[in-house]
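Q: What follows is a structure written as structure tokens; I'll ask about it next.
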Amino acid sequence: MLIKFDDGTPISLEQMLLAKEKRVENQLLAISLYKKPIVSLTLVIPGPIKNSSGANYIFQEAITTLHQFFIKNNIPLIKEQHYHELTGSEAILVVDCAVEKLKQYCIEIESLHPLGRLWDIDVIDPITEKSVSRSQFEYAPRQCLVCEDIAKICGRSKRHSLDEIFVAIKEKIESFQKIKLNITIKLKKQN
């Protein structure tokens with residue numbers, strides 16, 4: 001499968017800021033309707049093109065992983081809404097789970113899944129209506145996609161080119177696809 005990140009429309013900073021405002025509106029609406037924690041999924045896609053075939057692949061894998069995780073851990077999924085815009089794909093999932101536990105689960109998904117570093121899974125507390133910070137759980141800050149440093153440090157200093165970052169992203173995807181293929185082959189051999 002050919003993964004591309006340049007087959008979309010470039011967007012402006014203004015469009016991204018408006019998308020962020022709309023995301024917050026959608027989160028608050030879901031909280032007001034359901035009064036339960038919200039899982040807000042966005043993607044970590046650098047550069048001006050946020051909606052591409054590669055980004056769509058990463059998004060679908062994230063949704064599949066979240067669904068499997070909720071089922072495995074008996075977490076009821078109350079409502080789910082997807083948004084596919086030029087500014088990228090997003091999802092809001094309303095679940096019935098304690099906020100702190102849910103945030104820890106989401107951090108584990110981001111940390112342990114081969115594509116998890118490409119997902120930004122926020123948990124919104126229905127009481128405070130704010131995102132729960134990963135720092136309150138003593139987890140290390142997110143690592144750079146290219147090197148071992150802290151992602152924010154590399155991002156602010158623009159240490160890596162977009163090409164370098166996309167090479168690292170494609171390597172993560174290729175590695176994940178090999179894992180999936182090996183699992184599929186093993187399952188077929190068992191049957």
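Q: Let me check against my output: what whole-number percent is the relative contact order of the chain, with C-alpha pairs under 8 Å and at least 6 apart?
A: Result for the chain is 22 percent.
Q: Let me ask something else. So how do 15-28, 97-110 stack up, highest first, on mean other-Cβ count within 10 Å?
A: The densest-packed peptide leads the list: 97-110, 15-28.
Q: Highest mean first, how do 83-91, 130-138, 3-11 rank when packing is the count of other Cβ atoms within 10 Å averaged over residues?
A: 83-91, 3-11, 130-138
Q: Counting other C-beta atoms within 10 Å, and keeping those with at most 16, which DSSP coil trypsin sites (Lys or Arg not before Pro) do you find in the range 30-85?
A: The qualifying sites are 35.
Q: For the residue pair residue 128 and residue 60, what label-to-label distance in nm results when each label sits 7 Å from Cα along the Cα-to-beta-carbon direction?
A: 3.7 nm
Q: What does a probe at residue 178 reach in the range 128-162, counting residues whose amide N is under 20 Å from the point 7 Å along Cα→Cβ?
A: 145-148
Q: Read phi for every residue in the range 167-181 and hand back ³J(HN,Hα) as whole Hz from Karplus 6.51 cos²θ - 1.76 cosθ + 1.60, θ = phi - 60°, with x for Gly and Pro.
A: With the stated coefficients, the range 167-181 comes to 4, 5, 5, 5, 5, 4, 5, 4, 4, 4, 5, 5, 4, 4, 5 Hz.
Q: Rg/Rh for the range 1-144 to two decimals, with Rh computed the Kirkwood way over all alpha-carbon pairs.
A: 0.95
Q: Something else: Starting from the amide H of residue 43, placed 1.01 Å from N in the peptide plane, find each other amide H under 5 Å away whose residue is 5 or more places distant or on another chain.
A: 120
Q: Be a star and scan the range 115-142 for residues whose amide nitrogen sits under 16 Å from the point 7 Å along the Cα-to-Cβ vector of residue 35.
A: 125-129
Q: While we're on this one: Compute the signed sum of charges (Lys and Arg +1, Asp and Glu -1) over the other residues within less than 12 Å, Cβ to Cβ, of residue 51.
A: Within the 12 Å Cβ shell, the charges total -2.
Q: I need the trypsin sites (Lys or Arg not before Pro) found in the range 151-191, filtered to DSSP loop residues with at most 10 other beta carbons within 10 Å of theirs.
A: 158
Q: How many Å² of accessible area per residue for the range 1-133, probe 1.4 Å?
A: 50 Å²
Q: Counting only protein heavy atoms and using a 1.4 Å probe, what share of the accessible area of the range 85-191 belongs to carbon plus sulfur, as a whole percent?
A: Reported share for carbon and sulfur atoms: 53 percent.
The values are calculated or read from the model by the stated rules, or taken from the named source; none is laboratory data. Remember, predicted model here, so these are calculated numbers, not experimental data. In this analysis, Cβ positions are derived from the backbone assuming ideal geometry, glycine residues included, and neighbour counts consider all displayed protein chains. Surface areas here come from the heavy atoms of the whole protein model, side chains and all, with no ligands, DNA or RNA. Shrake-Rupley method; radii C 1.70, N 1.55, O 1.52, S 1.80 Å.
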